[in-house]
Every structure is written in C-alpha cells, then in structure tokens.
1. Please count how many residues of the range 431-483 are small (G, A, S) and in contact with a Cys (Cβ under 6 Å, 6 or more places away or on another chain).
2. Among (1) open to solvent by less than 60 Å² (accessible area, probe 1.4 Å); (2) among the aliphatic types (A, V, I, L, M); (3) closer than 30 Å to K288 by Cβ; (4) modelled with pLDDT under 80, where does A498 come up short?
3. Which ranges mark the helices (runs of 4 or more DSSP H) fully within the range 212-316 that have 1 or more residues being out of contact with any Cys (no Cβ under 9 Å at 6 or more places or on another chain), modelled with pLDDT of 85 or more and open to solvent by less than 30 Å² (accessible area, probe 1.4 Å)?
4. So is E201 more than 26 Å from the chain's Cα centre (by Cα), part of a helix (DSSP H, G or I), farther than 19 Å from Q488 by Cβ and touching a residue at least 12 places away in the same chain (Cβ under 8 Å) or not?
5. When the residues of the range 411-421 are narrowed to those that are without any contact (Cβ under 8 Å) to a residue 60 or more places away in the chain and open to solvent by less than 80 Å² (accessible area, probe 1.4 Å), which ends up nearest to T54 (Cα to Cα)?
6. Taking V482, is it surrounded by fewer than 12 Cβ atoms within 10 Å (Cβ to Cβ), without any contact (Cβ under 8 Å) to a residue 24 or more places away in the chain and more than 9 Å from A147 (Cβ to Cβ)?
7. Do the conditions hold for E148, that is, is it open to solvent by 10 Å² or more (accessible area, probe 1.4 Å) and among the acidic types (D, E)?
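The values are calculated or read from the model by the stated rules, or taken from the named source; none is laboratory data. Only a predicted model underlies this, so the values are computations on that prediction, with no experimental measurement involved. A quick note on method: Cβ atoms are made from the backbone with ideal geometry, for glycine too, and the neighbour counts reach across all protein chains shown. Only protein heavy atoms, including side chains, enter the accessible area calculation; ligands, DNA and RNA are left aside. Shrake-Rupley method; radii C 1.70, N 1.55, O 1.52, S 1.80 Å.
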Amino acid sequence: MIEQALTGLWYGFSVAFEPQNLMWCFVGVLVGNMVGVLPGMGPLATISILLPLTFGMKPVGAILMLAGVMYGAQYGGAICSILLNLPCHPPHAVTCLDGFPMTKQGRGGVALAVTVFSSFVGASWGITEMIFLSPILVKVALEFGPAEICSLMLLGLLAGSTLARGSPVKGVCMTVLGLLLGGVGSDLETGQQRFTFGLAELDDGVELIALALGLFGIAEFMTSVNQTGSINTQYAKIRLRDMRPTREDMRRSVGPMIRGTLVGSLCSLIPGTGPTIASFVAYATEKKISKTPEKFGTGMIEGVVCPETSTHSSVQGDFIPTMSLGIPGDAVMALLLGALIIQGIVPGPQLINQHPDIFWGLVASFWIGNILLVLLNVPLIGIWVKMLAIPYKFLYPSAMFFVCIGVYAANNDFFQVGEVVVIGILGYVLLRLGFHPAPILLGFVLGPRFEENFRRAMLISRGDLLTFVERPISAVFVGLCVLLIGVQLYVRLKGGKADVYLPPEKALHPGAEQEAATRQPAPAPLSADATRGATR
C-alpha cells in the first residue's frame, strides 16, 4: 500500500510539473491569495466566477487552478486578521483575538511568520493523509452497493446541513431546497418533466454555474456592497527583518502546531464541519489546556498558531472524502465536485484508477502550491493590504460584470443570465433572513446521485426499505444519521442554543467584551460570511 501510494505520488509530480499544469497551479494560488484578503470575495464566489473558464481547459489544469484558489485563500485571509483586525473570512475570525494584539505590540511580523510556517505544516499533514488514506478508503468503497452509497450520501447531507454554521433546522431546509432544485428537469428513468413549469429551457435542469454564481456571486456581493468603511493600515508596514521569530517563539509554537494539525485532521473527516469549525475548536482546545488561559486574547502566539494550523490541515483533508468517496464536506468541495462532473468525470472510488493523472496530479500540486504560497506571501503583503483601499463601489460592479459574462459564455444562452439574477435575488433574501445558502449547493450536487442510488437499492430489494438496515455497512451509516439527529435534539432540549450562537469573541474569550473597549475597532464591517461565522 505504501509503495503504491509513493509510486502514485511520483507520477503525480510528473503531471503537476508539466508547464501548463504548473502555470494553472500558480494562477490558482495567486488569485486565491488575493481574494483571501478581500472581504466578501471568498473562494466560493471566486471559484463560481472562474468555473465557466474551465470549459475550454483540460480537466487536470482546471481542477489544479480551482483547488489552488481554495487553499490559497486561507493564506490571504490570515494577513488581514493579524495586521488589520479584519477577519475577511470565517476561519480567520478567531485569529484576530491574538493576532492583532501581537501586531499592536510590534510583533505582527512574527505572527505572520509563524502563521506561514504553521500553515505549511498543517497543509503538509493534510496532504500526507490524502496520500495514504485515500487508497484505503477507495478499497473499502469498492465494496459499496447502492444501499451503502445511498446511506453514506444521506449521512453527508445530514452532516452538511446540521453541523454547518447557523441553525440546524434552517440548514436542513436549505438542503431540502437544494434537493428540489437538483430534481428540476427530465427524470433519468422515465423522461418525465419535473418542476419545469412549462419552460423548455429547464428540461436539462438548473445549471450548476447559474446556481453557484447566483448564490455565492450576486447574493454575497449584494450583501457586501454597502461596506463603505475605510481601512486603517497604520500597523500594516512589515519589513522582512520583522518576521524573524525568536527561539522561544518557535518553542512555544511546536505544541499548538501539533494539536492544531490533529484537530483539523479530525474535522476534515466529518462532513459539514470544515475549516471554520476546526479553527474554533482548535482555539478553544488550546486555551483549555493552557497553563495561562487568562492571557489568551492579549497576544499569545499559541492563539495564532493553533487555529491557523488546524484551518490548513482541515482544508487539505477535506479533499479526502470528496475525491475518494464523492462526498463533499462543504459548499466549496461541492463546487469542486461539480467542476469535475462538468468535465465528464465522476469523483468516487473509481477516480484513482480511471483518472490517476487528476488525483495524483492534484495531490502533488498541493505541495507545489503551498511552497509557492510560502514564497509569495511575504513580498506581496504590502500589495494585498493596498488592495483593501479599493472602493467597493468599483470592485463589485466589475465582479458582477464578469459573473454575467461567465454565465453567458458557458452556453451562449441569455436565459441562464436571467436564471443567475433570479437565484441571486433569492439568495440575497435568504441571507437577510438568516438562511445560509451553502447547504443548497450540497443538496443540489448530491441530490441526483442520492436519488439514483435509492432507486437502484429499491429495485434490487424489490421495494423493501429494510435493505438499508439489513446490510451491515449501510446500517452503520443509518445509525450515524440517527445519532446525529439525536445529538442535535439533545442539544436543543438542554438549551445549548444560547451557547451556540454567541459571537466568536464572546464564545471563545469571555473577557473580549471589556478588551474591545480599549482595542482599535475593525476598520470595516465583516463580510456576510464572517458575520455568521459563530459555529457549534
């Protein structure tokens, strides 16, 4: 098994080092690093905008670029959290608690240095997990029949809707809405039209590009367009010599780095958690075991290293169930899954054998991309900070223009442009009502495959629903679904809601409310994504 994994990795480097693939990897991490700095322009919106561009690309280059945007954004998000107290994206909200106090103490460069190093360590561990765990999962998954696949997807849908940020009930509602949208169009078995309302343009269903650009392009832009606050960059001038951590800093960073890596790895294997929950859990864990928990929030280097390491370990580890089982852990992974499906590639147990260039090329590109990010992050800090001075009234109209151009170029169809506008308005209304649209994408991508395997299971068992509990592996997944629902009900009945929806600073650092009076306030309001970043 180890020899097979190392052979595959060697082949992956030969694919990743091809000039065109290396170029797309560089473009992805550069764009990701840039959008990670901009509030509201996270990896979801960016990948949605870039998705139409991948139609004319080879599958390997396309997935390398889109994946680079995802993990590259995590590096950029840490810059603003530490230097500007501006958590542009939810996973980095907790980094502000100790990162910005370090900057005010004149140690912002040290915080950035240990962040870059710890991020690389966490990412490397996540990549190593993917190298050795994915082939094992594939061997197990090859034993799955329709009943097991259906039960596993049900678990993914439930976990994605109930463990994600926000109310679990609202998450389930959004997942059901995604399932309904996935059912629009012609029935695969009978050819019967479903939910088309007599529109011939909907016979082939709702386009993934239209849904993604509407929910995570237009809706997020409409939410963030009123941000007019100016950015105070008085602490943002960092020189290279300011980024040299002392031996004591490195000694204090080793333990949190290991613990953050383990927390992120565990969270990545649970669908629906993702880097946001991983970073909050890691921070809370580190504070709990610290000998001086009262100092957290005053510039403790452990409070920066641990959540950032867990974030990157979780981001890389999220690819394991997505690529090996075809089960996305969050909305970004669902979008990457959709990008592969658009290219005619079905992620799952057969991906490693049928498309080894994509799987192993992607794994090798992770290391190449992370090394590029380490080299790019330091010299480009000043440029990224200056980009925050661009007025939003100029930034978002240009982004909207590219949204419309991208969705029209996909099929040369003006109907899809209108489709994006309608979905965008719906997404904006849902955001204003407190319904986060991310589970919609999860339900939309998994819905058709869930329905297909459910039908197959019913045909094989002659309509007997007990087949899902009579087959051992399927019964385990069904049991986990019941356990997940039971835990959610227990938390509700025990009044856990009051603790779950505390703002991040209050939930993780009880004294932050008093400290906020003496701290410099955030220069601009958080993005819509970040303001809903409080997690379970």
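1. 1
2. All conditions are met except number (1).
3. Correct list: 247-268.
4. For E201, the condition - more than 26 Å from the chain's Cα centre (by Cα), part of a helix (DSSP H, G or I), farther than 19 Å from Q488 by Cβ and touching a residue at least 12 places away in the same chain (Cβ under 8 Å) - is met.
5. The qualifying residue nearest to T54 (Cα to Cα) is V417.
6. yes
7. No: the conditions fail for E148.
Here is a yes/no grid of residues against (1) of a type in the set (A, V, I, L, M); (2) at pLDDT below 85; (3) not in a helix (DSSP H, G or I):
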{"position": "I63", "(1), (2), (3)": "yes, no, no"}
{"position": "S81", "(1), (2), (3)": "no, yes, no"}
{"position": "C88", "(1), (2), (3)": "no, yes, yes"}
{"position": "F100", "(1), (2), (3)": "no, yes, no"}
{"position": "T103", "(1), (2), (3)": "no, yes, no"}
{"position": "A123", "(1), (2), (3)": "yes, no, no"}
{"position": "F132", "(1), (2), (3)": "no, yes, no"}
{"position": "P135", "(1), (2), (3)": "no, yes, no"}
{"position": "V138", "(1), (2), (3)": "yes, yes, no"}
